[in-house]
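What follows is a short report on a single structure.
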Amino acid sequence: MEHGKYRFIVGFLIVPLTIYAVFVIWPFAQSIYYSFTDWTGLSPDFKMVGFDNYIKLFSDEVFWKSLQHSLLFLLLLPLVTISLALFFAFMINVGGRRRKNSAVSGVRGSSFYKIVYFFPQVLSIAIVALLFRFAYNPRSGSLNAALDAVGLSALKTAWLGDPETALWAVMAVMVWSTVGFFVVLFSAAMTSIPRDYYEAALLDGADRITTFFRITLPLLWDTVQSGWIYMGILALGAEAFAVVQIMTTGPGGPAYSTTVLPLYVYLKAFRDGQAAYATTIGVALLVVTLAFAAVVLKLGRRERLEY
């Protein structure tokens, strides 16, 4: 039986591991290899150049600016998105007032709010970016029109045309488009927490804030940690690329004020014909992503709570 068990396990793992190696590990290995060449991406001919691309990377001002923007995304987007999602999910599930038939319940209309929060997930990120690009239009956009309507015309600006506001405008769109997913994720996790815990805490005189930090958050910690890593990957990956690519001028402008690492990889590979240098930037992006995941897993490690 023991001998047959290992054959059974290997038989099930060989296919997915092979697919993962071919479509994930091998492309990473190729990228690292090409980062040591002068490949343009347009010709099959290239030669090894050693660490020239990495030396160029350290003196590239646009790269450092892109890295700064990506790190800002990495620090703020998960923090804001996860915090909002936890608050909304808590209010939807256990943050309402006491009712006759239940001591613990969500706010009134919680089912409707779940649909509203999840609605942006139904839309493609490309559609979301286009909608907000129109909304941010300084002349005909709904945002400036709304400011006019409430007498705040002094706050009107070219949201995507001003280097001081463009990056924050893009970040706001990413929060809006992703927070609903995490609301549903955390709501599903909260429904598995026994209501007895909340009722006992309320009987002992605990308020909603206390129950959140003493009961909800500790029991949801594994889900929050996974969500934090996932949101960080979105902030460093395709989600950030799509929003910046579609919404901003250049793209990545004005004056590289919204350029992020995924976009810079794209520009170098497909606009400038520097595929080898683009893979070098990709390697740097890989290092940042792995470091982020390792830090979150290390700092978020705690004793697992069973319930």
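The values are calculated or read from the model by the stated rules, or taken from the named source; none is laboratory data. No experiment lies behind these values; they were computed from the predicted model shown. In this analysis, Cβ positions are derived from the backbone assuming ideal geometry, glycine residues included, and neighbour counts consider all displayed protein chains. These area figures cover heavy atoms from the full protein model, side chains too; ligands, DNA and RNA do not enter into them. Shrake-Rupley method; radii C 1.70, N 1.55, O 1.52, S 1.80 Å.
Per-structure values
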item: Contact order relative to length of the range 7-151, as percent, for alpha carbon pairs under 8 angstrom and 6 or more apart; result: 7 percent
item: The range 131-288 - Debye-derived log10 I(q)/I(0), Cα point model, q = 0.15, 0.17 Å⁻¹; result: -0.91, -0.99
item: Most to least accessible of VAL62, VAL183 (protein chains only, probe 1.4 Å); result: VAL62, VAL183
item: Near-label residues of the range 51-68 by backbone N, under 14 Å of a point 7 Å along Cα→Cβ of ASP162; result: none
item: With Cα atoms, 0 to 90° folded angle of helix 221-236 axis to the chain main axis; result: 30 degrees
item: Value of D in µm² per second that Stokes-Einstein yields for the range 196-307, Kirkwood Rh from Cα pairs, at 20 °C (1.002 mPa s); result: 125 µm²/s
item: Protein-only accessible surface order, largest first, of GLU199, GLU61 at 1.4 Å; result: GLU61, GLU199
item: Carbon/sulfur fraction of accessible area - the range 58-300, other protein chains in place, 1.4 Å, %; result: 66 percent
item: Most mobile of PHE51, PHE90, PHE132 in a GNM of the chain (Cα contacts under 10 Å); result: PHE51
item: Separation of alpha-carbon centers, the range 242-296 and the range 35-61, rounded to whole Å; result: 16 Å
item: Scattering curve values for the chain, log₁₀ I(q)/I(0), Debye with Cα scatterers, q = 0.10, 0.13, 0.15, 0.16 Å⁻¹; result: -0.75, -1.08, -1.22, -1.28
item: Total lysine pairs under 28 Å (Cα atoms) in the range 58-300, excluding pairs fewer than 8 apart on one chain; result: 4
item: C-alpha center-to-center spacing [the range 138-154, the range 217-239] in angstrom; result: 35 Å
